[in-house]
Amino acid sequence: MCGRFTQNLSWAEIHRLADLIGQPRNLAPRFNIAPATPIEVIRAAAAGNELVPMYWGLIPSWWKKPLAELPSTFNARAETLAERPMFRGAFKYRRCIIPASGFYEWTGAKGAKTPRYFTARDGRPLAFAGIWDHWSGLDGGDDLPNATIIVGEANRWMLRFHDRMPIILDWHDAGAWMTGESPGALLRPAPFDALQEWIVSTRVNRAGAGDDHPALIDPIADA
């Protein structure tokens, strides 16, 4: 799955890959992003692609209960996107890209898991396939844009660590994913050689503002 990732990216870097519209802005580096916090999301608009802050965790516009009663929606399974009521409307009408510099996964026995950091082998930002929605709360108040990362079966390389992984798109397919008529064809595992990984500090296990630091992605020298 994908329950923790990083966004250490500049506006210029994302603009080169996704041809953004709108005014450039400074993007705060994030090294320990957890669900139910803000993330940067690329979505298609009438004038072009825009970068929008969103809540990480899909909340359908029709949701009428408190957020505390919402099931876990920070990931959506590629195999059931078109079927599950929670996701099928967004999959049909509101697809997006979630740019990432990397993500974390844990391996090993329960109680003694080892955190690993995964990033692109070529050093470029990753393009996670996502879907987004908007929610106005129980009282119809302020709109809350929100998004989730789509996960699918792991490729043969990733199977050494986990049986699931984010759907990682080629940036050339970003437009087809967000506005194309056959998006399901893009929901496939990343190429075998797409990623690299290394062991990182267990400090990443703690999610919070005090544990969001560049050193979290540093390799453990004696691992």
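Of note:
- Residue match in the range 90-102 (condition: in contact (Cβ under 8 Å) with a residue 40 or more places away in the chain and part of a helix (DSSP H, G or I)): yes
- Scanning the range 1-24 for residues that are touching a residue at least 24 places away in the same chain (Cβ under 8 Å) and either more than 27 Å from Thr114 (Cα to Cα) or touching a helix residue (DSSP H, G or I) at 6+ places or on another chain (Cβ under 8 Å) (or both) yields Arg4, Thr6, Asn8, Trp11, Glu13, Ile14, Leu17, Ala18, Asp19, Leu20, Ile21, Gly22.
- Of the strands (runs of 3 or more DSSP E) contained entirely in the range 117-205, those carrying at least 2 residues that are under 17 Å from the mean Cα position of the chain (by Cα) and in contact (Cβ under 8 Å) with a residue 12 or more places away in the chain fall at 126-135, 144-153, 164-166.
- Residues satisfying the stated conditions in the range 37-62, i.e. over 15 Å from Gly130 (Cα atoms) and either surrounded by 19 or more Cβ atoms within 10 Å (Cβ to Cβ) or under 17 Å from the mean Cα position of the chain (by Cα) (or both): Thr37
- Residues considered: Ala185, Ala190. Of these, the only one that is aliphatic (A, V, I, L, M) and closer than 25 Å to Ala34 by Cβ is Ala190.
- When residues of the range 1-24 are limited to those that are part of a helix (DSSP H, G or I) and among the charged types (D, E, K, R), the one surrounded by the fewest Cβ atoms within 10 Å (Cβ to Cβ): Arg16
- Condition broken by Trp11, with the remaining ones in (1) of a type in the set (A, V, I, L, M, F, W, C); (2) closer than 19 Å to Trp132 by Cα; (3) out of contact with any strand residue (DSSP E or B) (no Cβ under 7 Å at 6 or more places or on another chain) satisfied: (2)
- Filter result for Leu27 (in contact (Cβ under 8 Å) with a residue 60 or more places away in the chain and either hydroxyl-bearing (Ser, Thr, Tyr) or not in a strand (DSSP E or B) (or both)): no
- When Ala109 is tested against the conditions (1) surrounded by fewer than 19 Cβ atoms within 10 Å (Cβ to Cβ); (2) closer than 21 Å to Pro29 by Cβ, the lone failure is (2).
- Subset tally (residues that are touching a Leu at 6+ places or on another chain (Cβ under 7 Å), under 19 Å from Arg94 (Cβ atoms) and among the polar types (S, T, N, Q)) for the range 28-67: 1
- Single condition Ala147 does not satisfy, out of (1) under 25 Å from Trp11 (Cα atoms); (2) touching a helix residue (DSSP H, G or I) at 6+ places or on another chain (Cβ under 8 Å); (3) at pLDDT 95 or above; (4) not basic (Lys, Arg): (2)
The values are calculated or read from the model by the stated rules, or taken from the named source; none is laboratory data. Computed from a prediction, not measured in an experiment: that's the story for all the values here. With ideal geometry, Cβ positions are generated from the backbone for all residues, glycine too; neighbour counts draw on all protein chains shown.
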